[in-house]
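Some notes on the structure that comes next.
The values are calculated or read from the model by the stated rules, or taken from the named source; none is laboratory data. Note that this is a predicted model, so its numbers are computed, not measured. Here the Cβ positions follow ideal geometry from the backbone for every residue, glycine too, while neighbour counts run over all protein chains shown.
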Amino acid sequence: MSRRSPLPPSPPPVEIRSWPDREALLADRDVVLGELVRMHVGPGRLGLLWMWAALAALGWSLVGTGLIMFEQTYDVISAIGALVSLVIGVALLVPSAVFVPLGLSRDRKVRQLLLEWGMLDRDPARDLRLRRPGAGLAWLLTSFALCAVGLFACTAGPADATAGDPYGLVVLLMGVGLIAWVTGLIGITKAVSHRRWVMRVLIGAVSRPQVPAGDGPLR
């Protein structure tokens, strides 16, 4: 797995800012915000989220398959196969259970940095590329579809189950549906938070800060 890009630092306090002029501040702000927006709603982040979701769904499918095999097993060989399926399924679930919460924690830090750097000043010309309406819409639509599929699987699976269906099959369908639903909620939250940041920081009124010009007075 490739190393993640480190997060940029918060902007320095007013007392120790050393930008020579406002243009230098805006240039640095544009570079940092561009990187932060990419980290937050870039296509790579969407692909990574779906990758962890697919891995979790595969793991849960193997867990459900193992439960079904346990219910229907009549010999030692089948029991061993069911146990192997359960172990592999749990092993596939663990990375998603670890890295998705870590990613959510990182997203919170990214949103805070977006707010801090965005509030430094306004630059309508450069800020246009940071709005990323296409990326936000892609996150929203795909995540909404995933939520709908997950909710359907969670409700339709148990509702359509009959007395003769294996219990493991219901567990499998509900688990995969829950994974899809939670993944969709994460994506919708990211899309909405990005749009709120655009409306609040890039489009909303932000006062122009005082920027120290080298060692001279604030300007």
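Computed values, structure above
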{"item": "Residues of the range 156-211 classified as of a type outside the set (Lys, Arg), exposed (fewer than 14 other Cβ atoms within 10 Å of the Cβ) and modelled with pLDDT of 85 or more, total", "result": "2"}
{"item": "From the options 110, 90, residue that is closer than 23 Å to residue 58 by Cβ and part of a helix (DSSP H, G or I)", "result": "90"}
{"item": "Options 33, 26, 49; residue that is closer than 20 Å to residue 180 by Cα and surrounded by 17 or more Cβ atoms within 10 Å (Cβ to Cβ)", "result": "49"}
{"item": "Single condition residue 139 does not satisfy, out of (1) modelled with pLDDT of 95 or more; (2) within 21 Å of residue 63 (Cα to Cα); (3) surrounded by 20 or more Cβ atoms within 10 Å (Cβ to Cβ)", "result": "(2)"}
{"item": "Residues satisfying the stated conditions in the range 129-162, i.e. within 13 Å of residue 195 (Cα to Cα) and part of a helix (DSSP H, G or I)", "result": "130, 133, 134, 135, 136, 137, 138, 139, 140"}
{"item": "Long-range neighbours under 6 Å by Cβ, at least six apart or interchain, first residue touching a residue at least 40 places away in the same chain (Cβ under 8 Å) and surrounded by fewer than 18 Cβ atoms within 10 Å (Cβ to Cβ) within the range 113-132, second among the aliphatic types (A, V, I, L, M) and in a loop (DSSP other than H, G, I, E, B)", "result": "119/206"}
{"item": "Subset of the range 83-98 [touching a residue at least 40 places away in the same chain (Cβ under 8 Å) and surrounded by fewer than 16 Cβ atoms within 10 Å (Cβ to Cβ)]", "result": "95, 97"}
